[in-house]
Every structure is written in C-alpha cells, then in structure tokens.
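Here's the structure, in structure tokens; my notes come after.
The values are calculated or read from the model by the stated rules, or taken from the named source; none is laboratory data. This one's a predicted model, so the numbers in the text were calculated from it and none came from an experiment. No Cβ is skipped: glycine too gets one built from the backbone with ideal geometry, and neighbour counts run over all protein chains shown.
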Amino acid sequence: MRSLNICILGGTGFVGTWLAARLSSDAHRVTVLSRDRERHKELRVVPGVEVQNCDVYDAAAFSEHLRGHEVVINLIGILNERGFGGGGFRRAHTELTRRALQAAKSAGVVRFLQMSALRADPAAPSYYLRSKGEAERLIQSECGALDWTIFRPSVIFGPGDSFLNRFARLLAAVPLVFPLAKPNARFQPVYVDDVVEAIVKCIHGGSCSRQIFELGGPRTYRLREVVEFVAAVTQRRRKVLGLPDVLGRLQALLMDFVPGRPFSSDNYRSLTLDSVCSQDGFAQLGIRPEAMEGVARQYLGAFEDNSRLSRDRMLAGRRH
C-alpha cells in the first residue's frame, strides 16, 4: 500500500513510540507533536520520524501542524489526573479530542484514528472511562466527512509499560504481604505490538472505516493472578492479600495522596468494571494476539536487560 503522511498525537508515550517506529519501518512519513521535542531524542533519530513542538491549545497553530497530513492518530491519555473531580481527564481526553477533530477538519485530514479503552462510556463509574466515552461520542457525532476508527484495548503490556512494571515496582517496595484492592477484577492484557498491528491495518480505512474494535489478549486473568505472575517472574515472595471492598476503597483514598499516585480512587472505580472484550477485534482484523506470559518474562525482573534491548530494536525498526 502507498505511504502516507501521518501525524501522531501522544506519540512520545508508550504505545506512540512503538507505533512511530513501526510506521517508519513501513515507509510512512511520521510527524509526532510534542510540547518539548528536546526531551524525546530517542524518537528524533528514527528514520522517517519528525518530532515537532506544538501547542495543541493554540487552534491556528494546531491546524497548521496537521496540514499536509492524511491521517491523524490520537493516542493522548492519562491514567490519573493531578487534582480531583475529573477535570484533568476531561481536558486530556474529551476536550483535546474535540480540538484535534476541529484542527484535523480545518487542515483537510482524511482519516482520524482514536485510542480509547475497553468499557469507555459517558455513564461509566470512573472519570477515566467516562471521559474516554465522551471522546468516542464526539468522534461519532462531529467528524462529518472525516473518516474515523476507534480502538478499545484492555490493559496494554510490553517493555516500558505502566501495567506489569507498576506492579513490579510496588512488589519490590512492599515486603511480605501485598494488599490488593479488587483482586477478582478481570482483564484481557494485550501486547503493545498487537495493538500497533491493529492500528497499522486500519490507517487506510476501507472496511475499518467508522468501526470500533475491542482489543484483548488470548486469555482473561483476575487481577490477583496478574500480581502473582509478576511476583513469580521478579522472584518476589509475597502473599497477595485480597481486600474487601470497604478496605479497597480506603486504600485507594489513601493512595490519592501518595506522590506519583500508583493507585487512586478513580483507578478503583475503573476496576469495578471488568476489562474484557465483548467482541474479538483482533479476529475481525485477522490478527492472532500474543499471550502475556511469554512476552512479559523477557522484560520483567531478571530479564530487564532484554527489555532495554527490545526497546532499542523497536526504535531501530527491527521488530524481531
């Protein structure tokens, strides 16, 4: 297929760096917009990838940066906000999506791809899922002639992730007994490379146009099983203690005030909904997703050197 001019919003993040490298290896011309391009030198050395400074809250400048691009991919997302009340989530997910749509239409962009989340819904219990759902609704109602595709992944894992690596860090910091809120919450962890493959298959549109794809890995896990797996791989002997809901909510409330917020009240509310697919988006796209165990063992614990090697290979455009 022909090469495209593609702009990635959120391209300096976890999924974005993988996607930019893959698109570059497929001979597409990639622009990544950033607030500070100097902080992302690892992307600037990838052939075919240009990192540009842009204030996405300046409508005229935003539109000008998108001019000449055929596809915009919005990966911008946050797991926690700085304050409380949902304002940070709405700004990052809903309002920025609105601005991106307006800029894309003004610049003559043809395709708009959006990273959402499983169980995103304007009526969801957490601000995270609610703001993601509101962004989806904006795309479906305000795109007009602008073609779109939405992806709803479960939790994403891979070298540099904020899922398995977060538990690895917490397990290292908490001795003997690891208290866990919502231990029976269910997930379908999905490999970042498979998510990237799904996006790549949809950049030209066609049968993917105006579709929503739910993306989940081949196996469903309870949260307790995920933490026990990370503990085993990182060789941390910990007893995982599932907390009743009242103590889980209290734990989340206390963690709201821990620097870096490794867990929050909004995270807890998200866990009240299982992150499990109702439809198999990978099957629809002809992709066979990787299981978590084999991949994760390569970058957790004693294998973290392999993690850095995997990331270096990815950025160099060598996926295997």
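Rundown of residues vs (1) basic (Lys, Arg); (2) buried (at least 20 other Cβ atoms within 10 Å of the Cβ); (3) modelled with pLDDT of 95 or more; (4) under 13 Å from Leu285 (Cα atoms), yes/no style:
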position	(1), (2), (3), (4)
Cys208	no, yes, yes, yes
Phe213	no, yes, yes, yes
Gly217	no, yes, yes, no
Val227	no, yes, yes, no
Lys239	yes, no, yes, no
Pro244	no, no, yes, no
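In this structure, is Arg311 at pLDDT below 95, surrounded by 16 or more Cβ atoms within 10 Å (Cβ to Cβ), under 27 Å from Ser25 (Cα atoms) and among the charged types (D, E, K, R)? It would help to see each step written out before you state the result.
Numbers: at pLDDT below 95: yes; surrounded by 16 or more Cβ atoms within 10 Å (Cβ to Cβ): yes; under 27 Å from Ser25 (Cα atoms): yes; among the charged types (D, E, K, R): yes.
So Arg311 fits the description; yes.
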Point to revise | Residue, surrounded by the most Cβ atoms within 10 Å (Cβ to Cβ), within region 140-166, restricted to residues that are of a type in the set (S, T, N, Q) and over 18 Å from Gly281 (Cβ atoms) | key: Asn165
Practice item. Spot the failing condition for Tyr268; the list is (1) among the hydroxyl-bearing types (Ser, Thr, Tyr); (2) closer than 30 Å to Lys201 by Cβ; (3) not in a loop (DSSP other than H, G, I, E, B), and only one is missed. Key: (2)
**Study point:** Pair list, Cβ under 8 Å, 6 or more apart: region 137-152 residue under 18 Å from His204 (Cα atoms) and in contact (Cβ under 8 Å) with a residue 40 or more places away in the chain, other residue assigned to a strand (DSSP E or B) and of a type in the set (S, T, N, Q)
**Key:** Ile139/Gln114; Trp148/Gln114; Thr149/Gln114; Thr149/Gln211; Ile150/Gln114; Ile150/Gln211; Phe151/Gln114
Check your understanding: In region 224-254, what count of residues is obtained for those that are within 12 Å of Pro179 (Cβ to Cβ), among the hydrophobic types (A, V, I, L, M, F, W, C) and in contact with a helix residue (DSSP H, G or I) (Cβ under 8 Å, 6 or more places away or on another chain)?
Key -> 4
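One line per residue, one yes/no per condition, for (1) surrounded by fewer than 17 Cβ atoms within 10 Å (Cβ to Cβ); (2) modelled with pLDDT of 95 or more; (3) part of a helix (DSSP H, G or I):
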residue	(1), (2), (3)
Val32	no, yes, no
Glu38	yes, no, yes
Pro47	yes, no, no
Ser63	no, yes, yes
Asn80	no, no, no
Gly85	yes, no, no
Arg90	no, yes, yes
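Which members of region 183-195 meet the condition of being part of a loop (DSSP other than H, G, I, E, B) and in contact with a Phe, Trp or Tyr (Cβ under 7 Å, 6 or more places away or on another chain)? Full working, then the answer.
Residues of region 183-195 part of a loop (DSSP other than H, G, I, E, B): 183-185, 188-189.
Of everything in region 183-195, just one residue is part of a loop (DSSP other than H, G, I, E, B) and in contact with a Phe, Trp or Tyr (Cβ under 7 Å, 6 or more places away or on another chain), namely Pro189.
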Practice item. Read through the list (1) in contact with a helix residue (DSSP H, G or I) (Cβ under 6 Å, 6 or more places away or on another chain); (2) crowded, with 18+ Cβ neighbours inside 10 Å, then give the number of the only condition that Arg98 fails. Key: (2)
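Out of Val192, Val155, I need the residue that is under 25 Å from Pro244 (Cβ atoms), under 12 Å from the mean Cα position of the chain (by Cα) and not hydroxyl-bearing (Ser, Thr, Tyr). Which one? Show your work before the answer.
Values: Val192 fails: under 25 Å from Pro244 (Cβ atoms).
Matching residue, one of Val192, Val155: Val155.
How many of the residues making up region 246-261 are free of Cβ contacts under 8 Å to residues at least 60 places away in the same chain and crowded, with 17+ Cβ neighbours inside 10 Å? Give the derivation first.
Of the residues in region 246-261, the ones free of Cβ contacts under 8 Å to residues at least 60 places away in the same chain are 246, 250, 253-255, 257-260.
Of the ones still in play, those that are also crowded, with 17+ Cβ neighbours inside 10 Å are 255.
Total satisfying the criteria: 1.
Being assigned to a strand (DSSP E or B) and in contact with a helix residue (DSSP H, G or I) (Cβ under 7 Å, 6 or more places away or on another chain) is the filter; apply it to region 172-182 and report the residue that is surrounded by the fewest Cβ atoms within 10 Å (Cβ to Cβ).
At the first step, the residues of region 172-182 found to be assigned to a strand (DSSP E or B) are 177-180.
Narrowing the set further to residues that are in contact with a helix residue (DSSP H, G or I) (Cβ under 7 Å, 6 or more places away or on another chain) leaves 178-180.
Details: Phe178: 21, Pro179: 14, Leu180: 23.
The qualifying residue surrounded by the fewest Cβ atoms within 10 Å (Cβ to Cβ) is Pro179.
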Review point. Quick one: which of Arg137, Arg169 is in a helix (DSSP H, G or I), surrounded by fewer than 17 Cβ atoms within 10 Å (Cβ to Cβ), of a type outside the set (A, V, I, L, M) and modelled with pLDDT of 95 or more?
Key: Arg137
**Study point:** Those residues of region 95-118 which are touching a Leu at 6+ places or on another chain (Cβ under 7 Å) and part of a helix (DSSP H, G or I), in sequence order
**Key:** Thr97, Arg98, Ala100, Leu101, Ala103, Ala104, Lys105, Ala107
